[in-house]
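Peer 1: Got a structure for you, written out below as structure tokens; questions coming shortly.
What follows draws every value from the coordinates through simple rules; no lab data is involved. Computed from a prediction, not measured in an experiment: that's the story for all the values here. For neighbour counting, all protein chains shown are included, and Cβ atoms are generated from backbone atoms with ideal geometry for every residue, glycine included.
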Amino acid sequence: MAVFWGMVLLPGMLRAECAEETGAKSAAAVFTLHLPNTCTEAEREARAVSAQELLRALVAGKGLDLSGVVIHGDLVLDELPTQRVHAVSDLAPEDRRVLEGLNDEEVHVIRGPFVIKQSRVKGRIVNRLKSGFLLITGPVVLAHTEFAGFVDLSRTVFLGLVDGSNATFRQESYFVQDRFTQGAMFSDTHFGPHARFHRSMFSGPAIFRGATFQGLTEFLEVVFEQDANFSRAAFHLGTGFSGAHCRAKCDFSSSQFDREAFFLFAIFDRMATFASARFGAQADFSDAAFKQADDLAQATFVRAPLLTRTARVSTTVPGPTVSASAPFSQAVTIVLFVMALGLLVYIIRAK
């Protein structure tokens, strides 16, 4: 009898371990699909959602709330219908003020949240606009998600908080000319062969603490209105902060730059922190302006940084703290030690 009831109940129990939540109560406003941690990869694949299904939900005015899912296909966000900025309704007064700077351009609107967390996106997510903007009215959460394809969210206005913490971008990730109005969190995020934030504006805190930039990295002409945190970040290829404007504190403490780092014409209104940062190649701060004291002297430079026409309050001139001739010096030391040891052995034997 026990065996019989086990045969009856066990399949249902196994199915319950991967029971999906679809959020029926809020189905009118948000497309919801949550899969628990107990789901196997095969079960997630069996419940995979297509990018076209998500696009249809967005066109219908719904937000997205996805967790633990697999997404197939390309999500092309510039295929959303357009409208003029003045026609966008149901916005808070502060959000309306943000949009006033868009000069009534055409916008593609995602209403509500855009949440894809703890998931795997196998295709691309792209916004190919050359004019106008993509407008996302709710929070954007990409935390702990792996993006296997190209991600291009350029020309996007984020009216809510953006959280990409612990996300992994296997291919290029572009956030060009974006406006992060609340804040952006990319702590411990892994960026792939090319990350671009060119000419973006961060009105809230920008947190890239512990992020890894595997390829070329562009923060050219970026504006940080509030604190920007790049502490413990690792930049493995060429990195550009040229023309960036830090209007609050910029923290690069304990960060690592393996290749060339460019801060030409960068402006630091508040204190810029580089304590314990390491520059493994040429660092160029030419024509940069430090309006308060900096601690560049506490960073490690393999080569002396370029400070041509750099305006600084601090008088300490940073220099190379790791000599390029260090391997040669170590070799000479070893040779001298061996010679001294040989001489000592000779003297002992002579006695």
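Peer 1: Could you sort 293-299, 282-288 so that the peptide with the highest average Cβ count within 10 Å comes first and the rest follow in order?
Peer 2: By packing density, highest mean first, the sequence is 282-288, 293-299.
Peer 1: Could you name the aspartates and glutamates in cross-link range of residue 249, using Cα to Cα under 18 Å and dropping any fewer than eight places away on the same chain?
Peer 2: Filter leaves 221, 225, 227, 269, 294, 295.
Peer 1: To two decimal places, what compactness ratio does the stretch 9-350 give when its Cα radius of gyration is scaled by 2.2 N^0.38 Å?
Peer 2: Scaled against compact globular proteins, the figure is 1.26.
Peer 1: Also, quick follow-up: Which cross-chain or sequence-distant (5 or more) residues have an amide H under 5 Å from the amide H of residue 134, H modelled 1.01 Å from N in plane?
Peer 2: 108, 156, 157
Peer 1: What percent of all Cα-Cα pairs in the stretch 91-223 falls into each 5 Å bin, going from 0 up to the bin containing the maximum distance?
Peer 2: Pair shares across the bins are 2, 10, 20, 27, 22, 11, 6, 1.
Peer 1: Follow-up question, since we're still on this one. Taking the Cβ of residue 53 as the center, what net charge do the other residues with Cβ under 13 Å away carry, scoring Lys and Arg +1 and Asp and Glu -1?
Peer 2: The answer is +2.
Peer 1: Using a simple spin-label model with points 7 Å from Cα along the Cα→Cβ vector, what separation in nm is obtained for residue 95 and residue 281?
Peer 2: Each label point lies 7 Å from its Cα, and together they span 4.3 nm.
Peer 1: May I pose another question? Where does each of 150-158, 131-139 land if you order them by average Cβ count within 10 Å, highest first?
Peer 2: Per-residue Cβ counts within 10 Å, averaged per peptide and sorted highest first, yield 150-158, 131-139.
Peer 1: Report the net charge of residues surrounding residue 256, where surrounding means a beta-carbon distance below 9 angstrom and charges are Lys +1, Arg +1, Asp -1, Glu -1.
Peer 2: +1
Peer 1: Shifting gears a bit: Taking a temperature of 25 °C and a viscosity of 0.890 mPa s, what whole-number D in µm²/s does Stokes-Einstein yield for the stretch 213-276 with Rh from Kirkwood over alpha carbon pairs?
Peer 2: 211
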